[in-house]
Amino acid sequence: MHLTVDLAAAVLDGLLAARHSCRAYLPEAVSREKLTSILETAQRTSSWCNSQAWQVSVTSGNATERLRAALVEAATSGAPGGSDFPFPHEYTGVYLERRRDCGFGLYNAVGVARGDKEGYARQTLENFRFFGAPHVAILTSAPGLGIYGAVDVGGYVQVLLLAMQAHGVAAIPQAALTHHSALIKAQLGIAPERRMVCGISFGYEDPGHPANNFRTTRAPVSDVVSWVDG
């Protein structure tokens, strides 16, 4: 199918405007046929030297439930974990402001009052429950590709999210899952030397859940772009 430039731009803008991080799901699974179509689209992602650094492990059914239970157990028991990539050293300035706005906006949507540490912990644990999603995709990169492999996987994540949105599938990318990367790789038979970049929980959105009323904001172009002319 060939789209005019204006129509193609409108379709892309519409997908980006509609997509959001879904934090509550219906139990219905996504069909293998639809998932294959989504993954075929994502496979067109550009990458450094066309290395296509990504490998994707997708869970369904009992595999999702086993991993969900293992992660909740690890998260609640205080079991040691560790990410394959270092987390940000700190958030300062506008980055801290945006992070706080996101967190407090979500807590407000789900009825967690500011300062309610038990409520914060309860909502954080939902990450390891995949927010009730029937599927999770684990994305890894080859260790020898370093930061460029991780950047390629990041590009793949964005295309995958848009492909899911185009097919009516809701999703949320999650860095939190990388806190237990070794556990996840062992559970899913992923080679231990591969480096986990993130997970993506996905399925069909529960439109009645208050968490799904929350939307983040974006900075204006003028805040992030410098024009260099002449």
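The values are calculated or read from the model by the stated rules, or taken from the named source; none is laboratory data. Just so we're clear, the structure is a prediction, and the values are computed from it rather than from any experiment. Backbone-built Cβ (ideal geometry, glycine too); neighbour counts: all protein chains shown.
Points to keep in mind about this one:
- Test: residue 105 is assigned to a helix (DSSP H, G or I), touching a Pro at 6+ places or on another chain (Cβ under 9 Å) and not acidic (Asp, Glu): no
- Among the numbered conditions (1) closer than 30 Å to residue 27 by Cα; (2) touching a residue at least 24 places away in the same chain (Cβ under 8 Å), the only one that residue 148 does not meet is (1).
- Considering only residues in the range 138-175 that are in a helix (DSSP H, G or I) and of a type in the set (Ser, Thr, Tyr), the one that is farthest from residue 15 (Cα to Cα) turns out to be 148.
- With respect to the stated conditions, residue 98 fails to be basic (Lys, Arg) and surrounded by fewer than 11 Cβ atoms within 10 Å (Cβ to Cβ).
- Residue ID - farthest from the chain's Cα centre (by Cα), chosen from residues in the range 10-33 that are surrounded by 14 or more Cβ atoms within 10 Å (Cβ to Cβ) and of a type outside the set (A, V, I, L, M): 25
- Every residue from the range 198-210 that is buried (at least 17 other Cβ atoms within 10 Å of the Cβ) and either farther than 19 Å from residue 168 by Cβ or among the β-branched types (Val, Ile, Thr) (or both): 198, 199, 200
- Single match in 69, 63, 53 (criterion: of a type in the set (A, V, I, L, M), in a loop (DSSP other than H, G, I, E, B) and within 21 Å of residue 184 (Cβ to Cβ)): 53
- From the list 6, 13, the lone residue that is modelled with pLDDT under 95, over 22 Å from residue 180 (Cβ atoms) and among the charged types (D, E, K, R) is 6.
- Some residue of the range 16-33 being touching a residue at least 60 places away in the same chain (Cβ under 8 Å) and in a helix (DSSP H, G or I): yes
- Subset of the range 136-155 that is touching a helix residue (DSSP H, G or I) at 6+ places or on another chain (Cβ under 6 Å) and not hydrophobic (A, V, I, L, M, F, W, C) - its residue that is nearest to residue 186 (Cα to Cα): 141
- Selection status of residue 97, assigned to a helix (DSSP H, G or I), charged (D, E, K, R) and closer than 30 Å to residue 189 by Cβ: no
- Qualifying residue in the range 189-197 (condition: within 12 Å of the chain's Cα centre (by Cα), crowded, with 16+ Cβ neighbours inside 10 Å and over 19 Å from residue 30 (Cβ atoms)): yes
The rows are residues; the columns are (1) surrounded by 17 or more Cβ atoms within 10 Å (Cβ to Cβ); (2) at pLDDT below 95; (3) not aromatic (Phe, Trp, Tyr).
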site: 63; (1), (2), (3): no, no, yes
site: 80; (1), (2), (3): no, yes, yes
site: 88; (1), (2), (3): no, yes, yes
site: 108; (1), (2), (3): no, yes, yes
site: 116; (1), (2), (3): no, yes, yes
site: 124; (1), (2), (3): no, yes, yes
site: 140; (1), (2), (3): yes, no, yes
site: 149; (1), (2), (3): yes, no, yes
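- In the range 221-230, the count of residues that are β-branched (Val, Ile, Thr) and buried (at least 19 other Cβ atoms within 10 Å of the Cβ) is zero.
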